[in-house]
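Asks: Would you mind keeping the following structure in view while I ask a few things?
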Amino acid sequence: FVSKFLLPFNGVIQREGAGSLLTSRIKEMVIIKTSQINACKYWFAHNSSLGQAAGITEEQIQVIGSDEYMDSKLLNDREKAAVLWAEHVTKNTARSRDDVFEHVHARFNEQEVVELTMICGLFNFRNRYMDSLQIPLEPIEEVDKIKKSARLNPDNLKRYLEFVLENWPEEFPEPNPDD
């Protein structure tokens, strides 16, 4: 039941169309860098595919995964700043790098920096979740089906949340008393 609540949160954070300020392209760049640093094959594959649906080329995916992305002509200044922020949030060095924060904040407003950080934080969690549970990567044909979902329909999200509320359980399981 808990995962039913993560879906709408993830949808709003990761997709365009439900109040998010950032494009899917920027979001996917952040997720690709986060997943590459964490060596999470599952989310790297899924979000490389979704990133391609958002207009990211295979060459740009390669650059994002490299250490030379700041010097690449394949990324614009905002894209480089987003990938830089993803790198430092993922490595947990953002907190001590005022220079990185200033660089990112010069290209993104405060709300956008918060959104970038939420995306990166969510996918650091999701990378660890999938890897810890050893969730296997599907065949590429299955992975590529995600390309159809680059934009979130707010009406569908509302219907989903209404469905969850209508099916709210009367009782929830109790924690294990032996803990």
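Asks: Probe radius 1.4 Å, ligands and nucleic acids ignored: give me the carbon and sulfur share of the accessible area of the stretch 18-126 as a rounded percent.
Replies: 51
Asks: Could you work out the helix-only [θ] at 222 nm for the chain, with each DSSP H run of four or more residues adding -39,500 (n - 2.57) and the total divided by the number of residues, to the nearest 500 deg cm²/dmol?
Replies: Dividing the helical sum by the residues of the chain leaves -19000 deg cm²/dmol.
Asks: If the elastic network links every pair of Cα atoms under 10 Å, which of ASN127, ASN167, ASN76 fluctuates the most in the Gaussian network model of the chain?
Replies: Comparing ASN127, ASN167, ASN76 in a Gaussian network model of the chain, the most mobile one is ASN167.
Asks: Still on this structure, please answer the following. Could you tell me which of rounded, prolate or oblate describes the stretch 109-175, using a ≥ b ≥ c as the square roots of the eigenvalues of the alpha-carbon gyration tensor, with rounded for a/c under 1.5 and, failing that, prolate when a/b is larger than b/c and oblate otherwise?
Replies: Since a/c stays below 1.5, the shape of the stretch 109-175 is classed as rounded.
Asks: With a 10 Å cut-off between alpha carbons and a GNM built on the chain, which of PHE125, PHE101, PHE163 moves the most?
Replies: PHE163
Asks: Springs between alpha-carbon pairs under 10 angstrom, Gaussian network model over the chain: which of GLU58, GLU79, GLU141 fluctuates most?
Replies: Highest fluctuation among the options: GLU141.
Asks: Do any of LYS33/LYS80; LYS41/LYS145; LYS33/LYS73; LYS91/LYS147; LYS27/LYS80; LYS33/LYS148 go past 19 Å between their Cα atoms, and which?
Replies: LYS91/LYS147; LYS33/LYS148
Asks: About the Cα centre, and with charges only on the beta carbon of Lys, Arg (+1) and Asp, Glu (-1), how big is the dipole of the stretch 50-145? Nearest 20 debye, please.
Replies: It works out to roughly 320 debye.
The values are calculated or read from the model by the stated rules, or taken from the named source; none is laboratory data. This is a predicted model, so every value here is computed, not measured. Heads up, the Cβs are rebuilt from the backbone with ideal geometry, glycines too, and the neighbour counts pull from every protein chain shown. What goes into the accessible areas is simple: the full protein's heavy atoms, side chains included, and nothing from ligands, DNA or RNA. Shrake-Rupley method; radii C 1.70, N 1.55, O 1.52, S 1.80 Å.
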